[in-house]
Structure formats: C-alpha cells, structure tokens
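The values are calculated or read from the model by the stated rules, or taken from the named source; none is laboratory data. Given the structure is predicted, the values throughout are model-derived calculations rather than measurements. For neighbour counting, all protein chains shown are included, and Cβ atoms are generated from backbone atoms with ideal geometry for every residue, glycine included.
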Amino acid sequence: MKFQMAKNSLFAILLRSPWWISFVIAGALFAALRLVIPELYALCGTLPFVIIGGYAGWLQFRAPSAAQVADTLGTLRAMSWDDFSSAIEDAFRRDGYRVNRLSGAAADFELTRAGRVSLVGCKRWKVSRTGIEPLRELHAAMRAHDAHDCIYVAAGEITDNARAFALEKDIRLVHDAELAKLLPRVW
C-alpha cells in the first residue's frame with residue numbers, strides 16, 4: 001500500500017513551499033528548543049524539517065524552469081495528434097504503466113499499473129482554454145470503464161470551473177510544469 005500524506009498537513013504544505021522555508025522553521029525551532037532541552041535533543045527535534053527542506057529542494061531543483069515549460073508547451077502545440085499521442089504513450093510507459101489506446105471520444109488511453117486502471121483524456125491538448133465539458137466526459141468514461149482514476153492532459157489554460165470540477169471529482173490535471181516534466185524529451 002502506498003503511503004499518501006494528507007494534503008493540508010504541515011509537511012505537505014512545506015513540500016509545496018519554497019525549500020528554504022523548512023530550513024527557517026528548523027532554525028527557529030532549534031533556537032527555541034535549546035532554551036529548554038539539551039542541544040542534541042533540540043537538533044533531533046528539528047530533523048524532520050531539515051529532511052523535508054532537503055527533499056523539497058531536490059524536487060524544486062529537478063523541476064523544469066519557466067523557459068523550459070514555455071518551450072515544451074510551444075513544441076507540444078505544434079505537434080500533430082499522432083506525434084503527441086505517441087509521446088504521451090511513451091512517457092507513461094517510462095513511468096511503468098501498461099498503455100492501451102482507446103477509441104472513445106472522452107478517453108484516449110487506458111493505463112494499468114499494480115492492478116489500478118486509469119483513463120487519460122488528452123485529445124484536446126491544443127485548446128487555449130479547457131472548460132468543464134471534457135472533464136465531465138472523462139469522468140463519465142471513468143465510471144463506464146470502472147476505472148480507479150482519470151487524468152486530463154492539457155497544454156493550454158484550465159478554467160477555474162474546470163479546476164473546481166477536477167478537484168471535486170478527483171481528476172488529476174497534467175498541464176504546465178507537470179506536462180513539461182512528463183515529456184522532457186520534447187524540447
């Protein structure tokens with residue numbers, strides 16, 4: 001079973017924050033703790049924040065830059081459907097999924113890994129603004145296929161209504177930096 005951290009836990013928030021914030025908290029906590037306990041114990045008390053700061057820094061260092069994201073999105077928008085779908089298929093295979101192409105309008109791929117099935121919708125990747133309708137179609141396809149989750153891939157902007165719907169229905173949105181990270185070989 002995969003461990004999943006609560007989205008609003010302190011450490012989850014620190015992972016989404018700049019790496020140095022964890023180190024500032026660790027320093028302040030160390031200064032406060034050493035007033036009441038020995039330095040070694042104070043150091044041990046700050047260790048989780050140092051580890052989270054190091055991990056967040058490593059993740060942020062590996063993330064594509066804004067220029068790389070812009071270049072990747074521009075390249076993706078210029079691709080044909082055949083090239084784009086092949087790139088997406090290869091990327092998910094590299095991540096350990098078994099990929100099957102689907103012929104339906106709402107979902108383009110079925111991903112399988114460790115007994116879990118996910119549907120991917122990405123045929124409208126070029127649109128400049130994605131609304132709620134393709135997400136509704138993808139969610140309906142997920143229910144029809146008895147899939148565990150669904151993923152929507154977009155190279156353009158996603159509207160606030162679509163984001164709210166995706167959050168409500170637990171649809172993973174892959175766009176911007178996450179899309180550039182998924183397809184690093186494109187640029």
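Which residue is farthest from T46 (Cα to Cα), if the candidates are limited to the stretch 14-29 and must be surrounded by 15 or more Cβ atoms within 10 Å (Cβ to Cβ) and under 17 Å from the mean Cα position of the chain (by Cα)?
If we filter the stretch 14-29 for residues that are surrounded by 15 or more Cβ atoms within 10 Å (Cβ to Cβ), which is where we start, we get 14-15, 17, 19, 21-23, 25-26, 29.
Next cut, under 17 Å from the mean Cα position of the chain (by Cα) only: 14-15, 17.
Values: L14: 14, L15: 16, S17: 17 Å.
Top of the filtered list is S17.
Based on this model, can you work out whether T72 counts as modelled with pLDDT under 90 and either among the polar types (S, T, N, Q) or not in a strand (DSSP E or B) (or both)? Explain how you work it out, then say what you get.
On the way: modelled with pLDDT under 90: yes; either among the polar types (S, T, N, Q) or not in a strand (DSSP E or B) (or both): yes.
Yes, satisfied.
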## Note on the structure
Of the residues in the stretch 95-114, those that are more than 17 Å from A144 (Cβ to Cβ) and of a type in the set (A, V, I, L, M, F, W, C) number 2
### Query
From the residues in the stretch 150-164 that are farther than 12 Å from G121 by Cβ and not aliphatic (A, V, I, L, M), which one is surrounded by the fewest Cβ atoms within 10 Å (Cβ to Cβ)?
D160
### Task
Looking for whichever is of a type in the set (A, V, I, L, M) and more than 28 Å from L179 (Cβ to Cβ) here; the options are L15, L40, L102, L73. Which one fits?
L40
### Task
Check the stretch 80-102 and report whether any residue there is surrounded by 13 or more Cβ atoms within 10 Å (Cβ to Cβ), farther than 22 Å from P184 by Cα and of a type in the set (A, V, I, L, M).
yes
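Is it fair to say G27 is farther than 28 Å from V117 by Cα and not assigned by TED's automatic domain parsing to the domain that holds E178?
Here the answer is yes, as G27 does meet what is asked.
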### Task
Within the stretch 132-187, work out how many residues are touching a Cys at 6+ places or on another chain (Cβ under 8 Å) and over 22 Å from R113 (Cα atoms).
1
### Message
Against the condition out of contact with any helix residue (DSSP H, G or I) (no Cβ under 8 Å at 6 or more places or on another chain), assigned to a helix (DSSP H, G or I) and among the aliphatic types (A, V, I, L, M), how does L35 come out, does it pass?
### Response
no
### Number of the condition not met by L135 [criteria: (1) more than 30 Å from F61 (Cα to Cα); (2) under 17 Å from the mean Cα position of the chain (by Cα); (3) surrounded by fewer than 21 Cβ atoms within 10 Å (Cβ to Cβ); (4) hydrophobic (A, V, I, L, M, F, W, C)]
(3)
